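What follows is one structure encoded as structure tokens, with my remarks underneath.
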Amino acid sequence: MPTRSPPRGVRSARAGQGRTAPMSDTNRPALVLLGGFLGSGKTTLMMRIGEELSSRGIATAVITNDQGENLVDTAHARERGLAAAEIPGGCFCCKFGDFVTHLSEIRRTVAPRVILAEPVGSCTDLTATVLTPLSLYHSGLARLAAYIVLADGPRLIGEYRRMNLGAPVTPREVLIAHQICDARRLVVTKTDLLTPEEVADAVGFLRGLSPDAQIVTCSAVSGEGIEPLIEWVTTDDEIELSDSPDLDYDVYAAAEAEMGWYNGRATITAPAGLRIDDATTDLLLGLKAEFGANLIHGKVLFVCEYGSLKAGVVDGRIGIDSGLSSTNPVTEAGLTVNVRAAAAPREIDATVGRLIDELCDRVGASVSDYMHRAIVPGRPVPQHRIRRNDGST
């Protein structure tokens, strides 16, 4: 690929794809990145924003991203009627060429006014590795409308307070703190699970970590606080890219390597009938019991003749987003499971497989077309890393 020189004072870690010719703002869709750690509510909020925009006549598409394949998020978005593209096998920064290709393809085939892009939950440094390269080399593809990082409200007043995020030491502390400081727009999510006093506490804690950020609070479940996010997403302005915080990539890689990732899908056939809501709860309770505090995030999606049901478990809390038109038993359903846990991939793979088998044994069902893979994410190697503050890479 051809090597290009960025503007003076800005250096790229690696040359990437050819430039995209600029377009007028009337033709460029607004691109919004929704970042945040695993389980922070990115997908649920993305669906809520996408559906709200669509209800207002604003064509919207989404791009999902993961270290593996068979994503709950992509299937869920499509079931909810949103145009969705998927970038598997690495984060946006490491698969930047694919990200550019998907942006171009979505713009050509869907012509959305807004594109919501959800990076991998363990990904950070997006200002330097995604937004700045897009601005420099592919500004014609989309207008950079917002970079928003979500922080789980209950975690902010619980687990995160027990961490040393103000002066991070452990790899996971470094990762989470960098995610928060990399963006200038932050969202405290899941406020429906907090009291007003706890919401204020969460905002104050976040403000201490990022004093200059704009902070809003919202619940994707109740819809409270969604309107300010809609304003961020639909603005005609383009964000001014900020300086990228320092990041030790050895520590970043160690944080990712602490987690095992499992993605799988299968077809469940149940001649005697399968109740989707009960099956979902059984699987999530099984994940919770097996992994305990080591379960970072678990997701389950069932798709059947009555629609779809997506559910997740974070910090022992189960949340369900049902699109089922009926709770009657079904004889066949598609199942997708994603698990992120502080455990060996082989252990996660075996555990999920056993939980699915046990579910089928209880209801007299069988499993077919089972595709599954468990991995430890590789070291992040971005195609670009461009820092504006000191020109370093």
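The values are calculated or read from the model by the stated rules, or taken from the named source; none is laboratory data. Because the structure is a prediction, the values reported are computed rather than measured. Reconstructed Cβ throughout: ideal geometry from the backbone, glycine too, with neighbour counts over all protein chains shown.
Checked against (1) acidic (Asp, Glu); (2) in contact (Cβ under 8 Å) with a residue 24 or more places away in the chain; (3) assigned by TED's automatic domain parsing to the domain that holds residue 364, residue 278 meets all criteria but (2). Among the residues of segment 313-345, those identified as part of a loop (DSSP other than H, G, I, E, B) and farther than 21 Å from residue 190 by Cα are 324, 325, 326, 327, 328, 329, 342, 343, 344.
Condition check ((1) touching a Pro at 6+ places or on another chain (Cβ under 6 Å); (2) outside the structural domain of residue 247 (by TED's automatic domain parsing); (3) crowded, with 18+ Cβ neighbours inside 10 Å) across all residues:
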site: 177; (1), (2), (3): yes, no, yes
site: 193; (1), (2), (3): yes, no, no
site: 197; (1), (2), (3): no, no, no
site: 203; (1), (2), (3): no, no, yes
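Among residues of segment 344-367 that are in contact (Cβ under 8 Å) with a residue 24 or more places away in the chain, those with a Cβ under 6 angstrom from a residue that is exposed (fewer than 12 other Cβ atoms within 10 Å of the Cβ), sequence gap 6+ or separate chain, pair up as 364/272.
Among the residues of segment 311-343, those that are in contact with a helix residue (DSSP H, G or I) (Cβ under 8 Å, 6 or more places away or on another chain) and free of Cβ contacts under 8 Å to residues at least 60 places away in the same chain comprise 311, 313, 316, 318, 320, 322, 324, 327.
Anything in segment 229-250 that is in a helix (DSSP H, G or I) and under 21 Å from the mean Cα position of the chain (by Cα)? List them, or say none. Correct list: 229, 230, 231, 232, 233, 234, 249. Being at pLDDT 95 or above and touching an Asp or Glu at 6+ places or on another chain (Cβ under 9 Å) holds for only one residue in 253, 333, 289, 293, and it is 333.
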